[in-house]
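Let me begin by presenting the structure, written as structure tokens, before commenting on it.
Derivation of every value follows stated rules applied to the coordinates shown; laboratory data play no part. This structure is a prediction, so every number in the text was calculated from the model and none was measured. As a convention, Cβ positions derive from the backbone with ideal geometry for all residues, glycine included, and neighbour counts pool all protein chains shown.
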There are 2 protein chains.
Amino acid sequence: MMIVMEKLRKHIEEIIPVSDGEFDYIRTFFTKKRVRKHQFLIQAGDKVPCEYWIAYGAFRAFYIDEGGREHIVQFALENSWLSDYHAFFHQTESTMNVLCMEEAEVLSLTLSSREKLASDLHKMEHFFRMKVSNGYAAQQHRIISLLCRNPKERYEEFGAMFPDIIKRIPKKYIAEYLGISRETLSRIHLAQRRQIPSKH
Amino acid sequence: MMIVMEKLRKHIEEIIPVSDGEFDYIRTFFTKKRVRKHQFLIQAGDKVPCEYWIAYGAFRAFYIDEGGREHIVQFALENSWLSDYHAFFHQTESTMNVLCMEEAEVLSLTLSSREKLASDLHKMEHFFRMKVSNGYAAQQHRIISLLCRNPKERYEEFGAMFPDIIKRIPKKYIAEYLGISRETLSRIHLAQRRQIPSKH
DNA sequence: TCACAAGTGTGATTTGAATCACACGCAAAT
DNA sequence: ATTTGCGTGTGATTCAAATCACACTTGTGA
């Protein structure tokens, strides 16, 4: 649908101005894809030719450890970019899985397209730099949170930062993101509900 | 010293080719600074006008939590870039401290210089994008390590990835980086020495 | 060179969170 | 409409790592 491309344009224009002519060029690099719930966008062991921009829908990117436990690396809702970036940049096999949690529409961008876009249009190089810089700062925040805060504090901070995710995503996955057991998060969550009695 | 600038040029040329003329321009944005052991490069509460490239020396960037405990965000040895990037990008007050651990020489770059350099020279925009992309991937690795691995595994992984840091930096700081208590790391370390008897 | 600080080792004790085990309600698939 | 599975709540138990307490060793600045 046209709407998806228009949405991408809006997203890009949050960082850089884009003329009609430029966007006609930019759009040619992207390929639209519909993804259904429970479908994998990336599976561990796959080559990772693309990164994805989420027009709408919800994904989780997770890593499975030796013991078979899932650990969530990233949640991605609309307007997020998503891939196994290590595998994507180095064109190696993925160590991560990316699974669709809500029916989605995404635009994919291959590495060569991305690099061509960045080298052809200085402003797109700038756009990608800004995006990854923000991601870097956000990840640093998460590292500090993992190092400094206990489960309760991490959950509260997460809730304050991402109220939309708390509402949409099952708690068990929030627990996997925060490095907390399902049960511990349930008890924290209960304690919170006791403090703030329901408003209806 | 000239040598420092030459070293910077080599560092940049690992990513992009740079002509003599270009480098004469690039170098004008950087300011050399000597830093002594125990000196702060950034203190929590300071404005953060610059990021720094380490020509030689060693720094630790750490965050102090409410309980007064230090948590190490980054070690930076020669050829690393270092700042409180959140505060730097947003030109707000630092929440981190950066302390010199070994006499150092650094080149500082203000935010406006950095952005001018990136917008004047497309290839420098590319350079900075590559740098931050690599940092992003490295941080993601660290997050996965914090989520998936126990203290022993984290220490062993760290040792395998950064043998130079293990040698140069006191173990107590490694512990703070890994989110482990000093004592636990000491016991892990002892267990390792028992397994691999000393070679002399 | 001497004294004090910083870093490390090691035992005993405590504790926060994981794990185990089970029940219950709701959503989705047939 | 009903069965199956997924997400959640909750108690009992275990356990890994933090904390506490102290000694020893090394580095270093006056």
Within the range A:117-129, is there a residue that is free of Cβ contacts under 8 Å to residues at least 40 places away in the same chain, at negative phi, within 7 Å of chain B (Cβ to nearest Cβ) and within 19 Å of the chain's Cα centre (by Cα)?
yes
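Test A:Ile188 against the criterion of being within 13 Å of DNA strand C (Cβ to nearest atom) and more than 10 Å from chain B (Cβ to nearest Cβ), and give yes or no.
Yes.
Can you pull out the residues in the range A:84-109 that are within 12 Å of chain B (Cβ to nearest Cβ) and either among the aromatic types (Phe, Trp, Tyr) or under 15 Å from the mean Cα position of the chain (by Cα) (or both)? Outline the logic, then answer.
Going residue by residue through the range A:84-109, those that are within 12 Å of chain B (Cβ to nearest Cβ) are A:84-90, A:92, A:95-96.
Listed by number, the residues that qualify are A:Asp84, A:Tyr85, A:His86, A:Phe88, A:Phe89, A:Met96.
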Go through (1) surrounded by fewer than 14 Cβ atoms within 10 Å (Cβ to Cβ); (2) away from DNA strand C (no atom under 16 Å from the Cβ) for B:Tyr56 and report which single condition fails.
(1)
Take the range B:64-82 and flag every residue that is in contact with a helix residue (DSSP H, G or I) (Cβ under 9 Å, 6 or more places away or on another chain) and outside any strand (DSSP E or B).
B:Asp65, B:Glu66, B:Gly67, B:Arg69, B:Leu77, B:Glu78, B:Asn79
Lone qualifier among A:Tyr52, A:Tyr25 - being of a type in the set (Ser, Thr, Tyr) and assigned to a strand (DSSP E or B)
A:Tyr52
Could you name every one of the helices (runs of 4 or more DSSP H) located completely within the range B:83-184 that has at least 1 residues being within 16 Å of DNA strand C (Cβ to nearest atom) and surrounded by 19 or more Cβ atoms within 10 Å (Cβ to Cβ)?
B:122-148, B:151-161, B:171-178
Under 6 Å by Cβ, and 6 or more places apart or on different chains, what pairs join a residue from the range B:58-83 that is away from chain A (no Cβ under 11 Å) with one that is within 14 Å of DNA strand D (Cβ to nearest atom) and in a strand (DSSP E or B)?
B:Ala58/B:Met101; B:Ala58/B:Glu102; B:Phe59/B:Cys100; B:Arg60/B:Ile72; B:Arg60/B:Leu99; B:Arg60/B:Met101; B:Leu77/B:Ala58
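Here is a yes/no grid of residues against (1) closer than 17 Å to A:Ile174 by Cβ; (2) touching a Gly at 6+ places or on another chain (Cβ under 8 Å):
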site: A:His71; (1), (2): yes, yes
site: A:Phe75; (1), (2): yes, no
site: A:Asp84; (1), (2): no, no
site: A:Ala87; (1), (2): no, no
site: A:His90; (1), (2): no, no
Have a look at B:Ser112, B:Ser133 and point out the one that is within 9 Å of another protein chain (Cβ to nearest Cβ) and either without any contact (Cβ under 8 Å) to a residue 12 or more places away in the chain or under 14 Å from A:Phe128 (Cβ atoms) (or both).
B:Ser133
